[in-house]
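The next block holds one structure in the form of structure tokens; read it before the comments.
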Number of protein chains: 2
Amino acid sequence: MGMLEQAEGASHRPAPVHTHPDEVPLLTALSALADPVRIQLVRELAKHPAWALSCSNFDVPVGRAAKSHHFAILRSAGLVEQRDQGPKRLNRLRREEFDARFPGLLDLTLRADETE
Amino acid sequence: MGMLEQAEGASHRPAPVHTHPDEVPLLTALSALADPVRIQLVRELAKHPAWALSCSNFDVPVGRAAKSHHFAILRSAGLVEQRDQGPKRLNRLRREEFDARFPGLLDLTLRADETE
DNA sequence: ACCAGTGTTCGACAGTCATCGTACAGTGCT
DNA sequence: AGCACTGTACGATGACTGTCGAACACTGGT
């Protein structure tokens, strides 16, 4: 069985739980971005094309457990979408959708911050 | 004894410490707004003209001590300016200055939030 | 079938934060 | 002088949160 199957691969892994930005309260969005590690994740994510990076590709000064935790928060805030491909979990920044819900907030986060 | 007298009548009270929005890191601004009580304070402040409200005029479900703490955080985030008048401490939302530093963030906070 | 790589979950821990009650300090008024 | 009002400072407390280590689960290749 070595066929190029992408639709029904009998994935025995629970799909990541997502929340659409439209269903995210403002407080949740602000809390998600009010963390240095998560800001770094979002910024690095924005520097690459969608689905280009898996979780392990991010260079943040925390272990895998904490990294997984941060991605869960970013998902529940409607900031990141994840898709499983093989053993990896590819990420995509939800630019348009999030910007439609919270106009300017993502641009603000991505912009170079002189006063840091 | 005092020779360092202020111009206006000898205020023996320490003036509130302010931080200009230009000197506020993004993380500090987001953290300041990532709190339900402070969001409420900012919104209520925006509904009245500048210097119209003293701290005790705000109807938030916390005691005076916590309220004072929240105002200190809002000051240090460049969101609120305070001025003493008599026993009261009048407040003003730093709309223009904060919006120049973090464009759109204040509008985002003040806008009615359907998904709450 | 084993194994290396990837990511999640669990328990535990330390640090931070929001809150309270109380005490304290100014201000203005009588 | 007192007194009422306003706001801050302090200490304590409970809750939340970011972090880790270890165990676990899944995938794909050897």
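The values are calculated or read from the model by the stated rules, or taken from the named source; none is laboratory data. Bear in mind that the values here come from a model prediction, so they are computed numbers and not experimental data. Note that each Cβ is placed from the backbone with ideal geometry, even for glycine, and that neighbours are counted across all protein chains shown.
Could you say whether any residue in segment B:47-61 is closer than 24 Å to A:ASP35 by Cβ, within 14 Å of DNA strand D (Cβ to nearest atom), of a type in the set (D, E, K, R) and modelled with pLDDT of 95 or more? Checking segment B:47-61: not a single residue is closer than 24 Å to A:ASP35 by Cβ, within 14 Å of DNA strand D (Cβ to nearest atom), of a type in the set (D, E, K, R) and modelled with pLDDT of 95 or more.
Looking at this structure, is B:LEU105 away from chain A (no Cβ under 13 Å) and either within 18 Å of A:PRO25 (Cα to Cα) or of a type in the set (A, V, I, L, M) (or both)? Here the answer is no, as B:LEU105 does not meet what is asked. The residue pairs whose first member lies in segment A:62-91 and is without any contact (Cβ under 8 Å) to a residue 40 or more places away in the chain and closer than 16 Å to A:ILE39 by Cβ, whose second member is more than 11 Å from DNA strand D (Cβ to nearest atom) and of a type in the set (Lys, Arg), and whose beta carbons are closer than 8 Å, counting only pairs six or more residues apart or on different chains, are A:VAL80/A:ARG92; A:VAL80/A:ARG94. Only residues that are more than 14 Å from the chain's Cα centre (by Cα) and in contact (Cβ under 8 Å) with a residue 24 or more places away in the chain were counted across segment B:36-61, and they come to 1.
The residues of segment B:60-88 that are of a type outside the set (S, T, N, Q) and more than 10 Å from DNA strand C (Cβ to nearest atom), listed by number, are B:PHE71, B:LEU74, B:ARG75, B:ALA77, B:GLY78, B:LEU79, B:VAL80, B:GLU81, B:ARG83.
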